[in-house]
Each structure stands twice: as C-alpha cells, then as structure tokens.
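What follows is a set of notes on a single structure, which appears directly below.
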Amino acid sequence: QQRIRPLYVRPSAAELGRGFSIRNAGKSPIYTGQTLIGAPAKDLPALSVGFSLTRQYFALDGTAVKLDKVQQTDLFVVLVKGKMAGDYKRRAMVIDLLPAGFEVENARLAGAHGADSFGWLPELTKTRYSEYLDDRFVAALDLDSDNTEFAVAYLVRAVTPGTYKLPAAQVEDMYDPATRARTAAGSV
C-alpha cells in the first residue's frame, strides 16, 4: 500500500498575485483545504452568514455609552446579542476582542460586580464555557430550534488613555466556520 503524503504549498505574495494551479495526475480523488494567514489591509465590514450579531456598551445604570467619550477608570457592561438563522443545532463560539486600553473586570473576584447582577439586562444565555482573558471575552453556546437567540454580557474597564481601534465581535459555528457573523470595527 502506497503511503499518502500531504502536499503543502506556501506561495509568495508575488505567486499569489500571478496565480497558480495544481493538478491531480493520479486516478484517486484528492481532498483540498486552504488556510490563509495575514492581517487585513483595512477593517473588514460587518458580516452575517447564518447568524446576526450586535454589541452594545452600557454604563452600570443601563444607559448607552458613547465610545468617543470614555474616561480612564470608566466601567462598562458589554452586551453581545445574536440570533441563529434556520432550524439547526449549533455549537456557537462568541469572541469579543477588546480594544487596547480596556481590561475585562474579573467578575470572579469576591465582592466584584458580575454582569448578571444588572436587572436591566435581557435574560442572559447559559454558556457551556466562558473565559475572561486579557485581550478578549469568549463564550461557547449550544443553540437549536428552541433557542435561536443568545445574549452574553461582561464587564470591562477603561484603564489606559488613548485612541484605539475597536475590534469586531464575532460568532461562528465551531463545526461549520463558514456560518458566522461579525460586527463592524470602530474606534474608542
């Protein structure tokens, strides 16, 4: 039996620009996959393919916050809401990258505010997993035909003065990553 080895092609930017082709010279079928790595030349626009997604910032009393008026030490509730289109079972991953100058407030500390302690928030979705990291908030959710909408929230504090890019929030089906949504990027 012949050992099948994968073919890895890493074209340069010039080769990508010119284009190239790969041909199957054998009789057996081949399977392909592509991975593109790089930084976008400009902000990616909002996207909705099988999901819709919004992100909002609120003061602790529930009033909307204008991100061009943020002061150092301000504490916000970040609400990420979305909806799945169709009648499917999905394991969704919500990822909200923080702008530089912001830090997640650790709701696990004794005496700290928890995002679920604000009565003005909508009912928050039970997560399968959530993580409060230095540069992002991450939550995994189980969605199905009875639970197509979701809402997750967390606390964030402005700690370092400056003008920063506000990365897009995103959601994707962990087993079908083409089914995804993202908000538009902005600034803070």
For this session: For residue 126, go through the lysines and keep the ones whose alpha-carbon is under 21 Å away, minus same-chain ones fewer than eight residues off.
Result: 81, 83, 89
Exercise. Loop-only check: which chymotrypsin sites (Phe, Trp or Tyr not before Pro) in the range 1-102 are DSSP coil with at most 14 other Cβ within 10 angstrom?
Worked result: 8, 20, 31, 88
Exercise. Taking the Cα centre of the chain as origin and charging only Cβ (+1 Lys, Arg; -1 Asp, Glu), how large is the dipole, in debye to the nearest 20?
Worked result: 1060
Problem set entry | Listed values (i) 1.12; (ii) 1.08; (iii) 1.06, entry calculated as Rg/Rh (Cα atoms, Kirkwood Rh) | (ii)
Exercise. Round to a whole number: what % of the accessible area of the chain belongs to carbon and sulfur, probe 1.4 Å?
Worked result: 50
Exercise. Can you give me the pair-distance distribution of the range 1-97, C-alpha pairs, 10 Å bins, whole percents?
Worked result: 9, 23, 23, 23, 13, 7, 2
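The values are calculated or read from the model by the stated rules, or taken from the named source; none is laboratory data. Keep in mind that what you see is a predicted model, and the values were worked out from it rather than measured. When we count neighbours, we look across all protein chains shown, and the Cβ atoms used for this are built from the backbone with ideal geometry, even at glycine. The protein model used for the area step is the full one, side chains on, heavy atoms only, and it has no ligands, DNA or RNA in it. Shrake-Rupley method; radii C 1.70, N 1.55, O 1.52, S 1.80 Å.
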